[in-house]
Amino acid sequence: MSRDTRGSIGIKGAAEAKVSGLLKKFTYDRLFQIKRDYNNLQDTLENISRFGINNSDLYFLLNSEDIPEEIKDVAGHPSIEAAAKIKTEQDAGSFQLIKTKARPAPESKESSPAPRPIKKFRVDEIRKSIFGTQLPPLNNTTPVNFPPSLPPINDDNILKVIFTHSSAANDPSFDVYESNERLEFLGDSVLNHIISVLIFAKFPQYNEGDLTLLRSDIVCNKNLTNWSTLYGFDKQLVSNFNSQQLEQNHKKLYANVFEAYVGGLYQDSRGDINAILPWLSLLCEPIIAKAENTSSYKPLDQPEGSYPSQSEPKPNYHTANDENSKSSKQELYVLLNPIFVPQYEVVKKENGDHNPLFTVACLVNGELLGVSESRSIKLGGQMAAYDALNNNKAKVEKYKDLRVEVKEKGKPVPPKITTPVEEQIIAHRSRFGL
């Protein structure tokens, strides 16, 4: 074996050992944690830039006789001193926040096409569009001043993030580097919290199950999408989707933008719920009014938040393709817990990973109550619960009665059904003609 060959083998072996060592050290979870830590670092540095104290102001705080001692105690902490140094350097322009950019695509060895022009994000146009004029009411059945005026967001950076979809944040042809996903996460929590506070005070006669179902109706995607389009959010969303993709995904996309706006309001107001609550209260008022003066909650005839004219027929609440079928799982859970908690089982998966079709069964005590086929497991569970509530009411009522007997009268839980799920599905479909 020649020296060159031995050297080549040695280099290859060293490279393989290096790869093996890196894979052991930097697992998927560890790399994901690094990514999350970096995002947290970015948020921290941006907060210091926006709200931090510089060296000059800190010196004044620590040396002024008019400053309370408890303030001086906090201001004298080493972490405050370090943050003040960062803030001072940021103000002087010598400390630059690092922005994450999408990794550029590798250049082709062949002639590369001319680069696409950078699409500028115009915050001033967004402000003019969504804050410029009071929107008209939907029709003559809505309140005169509906929708309520949109609370403004003062921070341009927050406003920019709200209307940036992840497809644009990852595209180097856009001049944006952060998507609205984190604000959407925050807004979802804030929205649920505020709606919970509103309906808790408004409906003292409702139990927790009624309140849960009402809140689910209010914050469903159709409502959020409707509100989003009312304020023109749909026209401001920056994404890399074509018109067909937007049409297919618009409900979820625009609902997400609304949640991101709520999250942006919370961040811009530095966590002041009172900056958001009055607006959401007015926005939800027409929906909440439909549930007033009832002793227990019944699903709304028109849960999407739209306001049809009196001549239009009201749709049936339970429709298989209705967005609100997602509340069926919660509804079934409320009816049967804690004795008979519904279980959802994926019975079959077809078509491989590219375009999967899942058969999902809803089981209570081993007995099939509902079944569905869906492209996603989550939706399949929702539709299986819907099937149970609408096509198998007798069994649902049976377990409701058993729940009372077990919980209040001490009756033992009946033995679990052991018939294979596949056989139960065949009998179920035959019985209901599905």
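The values are calculated or read from the model by the stated rules, or taken from the named source; none is laboratory data. This one's a predicted model, so the numbers in the text were calculated from it and none came from an experiment. Note: ideal-geometry Cβ built from the backbone for every residue, glycine included; neighbour counts use all protein chains shown.
Here are some notes:
- Qualifying residue in region 20-29 (condition: in a helix (DSSP H, G or I), under 30 Å from Glu81 (Cα atoms) and modelled with pLDDT of 75 or more): no
- Scope region 370-386; condition among the acidic types (Asp, Glu) and either buried (at least 24 other Cβ atoms within 10 Å of the Cβ) or touching a residue at least 40 places away in the same chain (Cβ under 8 Å) (or both); matching residues: none
- Evaluation of Ser149 against the conditions (1) among the hydroxyl-bearing types (Ser, Thr, Tyr); (2) at pLDDT 85 or above; (3) in a helix (DSSP H, G or I) shows that the sole unmet condition is (3).
- Any chance Val421 is in contact (Cβ under 8 Å) with a residue 60 or more places away in the chain and within 18 Å of Glu350 (Cβ to Cβ): yes
- A single entry from Lys416, Lys411 fulfils the requirement of being loosely packed, with under 15 Cβ neighbours inside 10 Å, assigned to a loop (DSSP other than H, G, I, E, B) and touching a residue at least 40 places away in the same chain (Cβ under 8 Å): Lys416.
- Restricting Asn355, Asn390 to residues that are of a type in the set (S, T, N, Q) and assigned to a loop (DSSP other than H, G, I, E, B) narrows the list to Asn355.
- Within region 335-348, one or more residues are in a helix (DSSP H, G or I) and assigned by TED's automatic domain parsing to the domain that holds His428.
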